[in-house]
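Q: Have a look at the structure that comes next, please.
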Amino acid sequence: MCIVYISLRFSFILVIKMNIGEALSLLKKEKSRLARLISLRKENVYVEEGKKTEFDLKKLSEDIENKIVEIRKLKIRIQKTNINSKLDKDNLTIAEAIIKIGDIRSKLNHLSGLFERKRDRWYFDKETKVYIAQLDESEIEEQIEKLESEKNLLDNKIQISNWNTELLNY
């Protein structure tokens, strides 16, 4: 991570140079700080009559709003970088790869539950029925393994790219 100051006539803009991986770590820390600030404010909303809270709630509220803005700006930088950065040797952007992983996870979720048969309570006591699978379970299992492999490969490429791609500025 590198800090750079850019002069714009009489003011300075602080630009923090980092890669996507560092930005994601920072985002996690900032979200945690925000949660602590919100919790602190909530715990100090009410105070016993005649006593003072040790925190200035107006200042705490301002800090919360500022932290929300910081987090939003960081998320936007991450998204812009993901949209404008290609995975190494692939024609996919990082953003497209993230969406593709979501699609693969969805497919895996649907396929893995195909052969879980629910008991038919209407006929449970009345009669026994035989149900025959209309799809080959071994073919579905093979498809699941291929999708898992594709998901892991894509996820690894994203992780590598996150640590090798510099975060874009606004």
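Q: If you scan the stretch 83-106, which residues turn out to be under 15 Å from Leu153 (Cβ atoms), over 17 Å from the mean Cα position of the chain (by Cα) and among the basic types (Lys, Arg)?
A: Correct list: Lys89 only.
Q: Working carefully through the options Leu167, Leu154, Leu147, find the one that is touching a Ser or Thr at 6+ places or on another chain (Cβ under 6 Å), modelled with pLDDT of 95 or more and surrounded by 14 or more Cβ atoms within 10 Å (Cβ to Cβ).
A: Answer to the selection: Leu167.
Q: Please determine, by comparing only the residues of the stretch 70-118 that are farther than 30 Å from Ile140 by Cβ and hydroxyl-bearing (Ser, Thr, Tyr), which one is least open to solvent (accessible area, probe 1.4 Å).
A: Filtering the stretch 70-118 for residues that are farther than 30 Å from Ile140 by Cβ and hydroxyl-bearing (Ser, Thr, Tyr), the one least open to solvent (accessible area, probe 1.4 Å) comes out as Thr81.
Q: Tell me which residues, restricted to the stretch 46-58, are open to solvent by less than 100 Å² (accessible area, probe 1.4 Å) and at negative phi.
A: Val47, Thr53, Phe55, Asp56, Leu57
The values are calculated or read from the model by the stated rules, or taken from the named source; none is laboratory data. As the structure is a prediction and not an experimental result, all values here were calculated from the model. Every residue, glycine among them, receives a Cβ derived from its backbone with ideal geometry; neighbour counts consider all protein chains shown. The area values use the complete protein model at the heavy-atom level, side chains included, leaving out ligands, DNA and RNA. Shrake-Rupley method; radii C 1.70, N 1.55, O 1.52, S 1.80 Å.
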